[in-house]
Amino acid sequence: MKRVFLFIAFLWLGIMGASAQTDNCDVNGDGVVNINDVIYVVDHVLGKGHASTPTVEAIDLGLPSGTKWANMNVGATRPEEYGGYYAWGETEEKEVCDWSTYIHCDGTSATCHDLGSDISGTEYDVAHVKWGGDWVMPTLDEIKELVDNCTSEWTTLNGVNGRKFTGPNGNSIFLPAAGYLGYPGLHAVGDYGYCWSSTQSTNYSTNAHFILFYSGRATWTDYGRHDGLSVRPVIRN
């Protein structure tokens, strides 16, 4: 019987994929259409349910601008999952992030391509490319608004370190301390968190701004666009 349901689920995904309705196919809300959506459909048909499986939500924190923040990172399926690591302006993951692998330069920081001062909502915006709809990368101003208007505390969610940001209305989001992907491999996992903004640095065109958080505080800064950081999408009012 389960084979029948698997066949139906695969057929369903095939039909939907052929019609390019990927938003409708993303039944588990993780921003991509893959085998996990098939498993979700089969389990649902078999009555297993997914009451404990979070879906992507836009959380209203009561911020002055009305900006809503996603409850998880791009590439994650739960708020505490790290999700993907993306170089600034890139929309696909890779194993190594440095200037030699950065697709928006010619091998060195001195040859960085101009992507514009803000990539939010463009073809370089991984949040918009992966999730579609109104989802975009936050600007530096939106990151500043989050930090300045929310209280935050270093805590754990299901055993994962990170910072919980609570807005003026009492709603909150959790940002996991995912570290960053550089060369070689991952760094500072569990101790530091970094999430890109869509804003190029005003100090150096080779850098971009991001939110930085750890046990002591949350703030913002800028660094080289080649590093692989987390991305936490927003929806604007």
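What to note about this one:
- Plainly put, segment 47-143 has a radius of gyration that is 1.04 times its Kirkwood radius, both from alpha-carbon atoms, as the Rg/Rh ratio.
- Percent of Cα-Cα distances greater than 26 Å, calculated over segment 74-222: 23
- Extension reserve of the Tyr204-Thr101 stretch, reckoned as 0.36 nm per residue once the Cα distance is removed: 35.1 nm
- Each part reduced to its alpha carbon centroid, segment 147-220 and segment 57-77 end up 14 Å apart.
- R0 of 22 Å, Cβ-Cβ distance Glu153-Glu57: FRET efficiency to nearest 0.05: 0.60
- A probe of 1.4 angstrom, applied to the heavy atoms of all protein chains, finds Trp69 with accessible area near 10 square angstrom.
The values are calculated or read from the model by the stated rules, or taken from the named source; none is laboratory data. All values derive from a computational prediction rather than experimental measurement. Virtual Cβ from ideal backbone geometry, glycine too; neighbours counted across all protein chains shown. Accessible surface areas use protein heavy atoms only, side chains included; no ligands, DNA or RNA. Shrake-Rupley method; radii C 1.70, N 1.55, O 1.52, S 1.80 Å.
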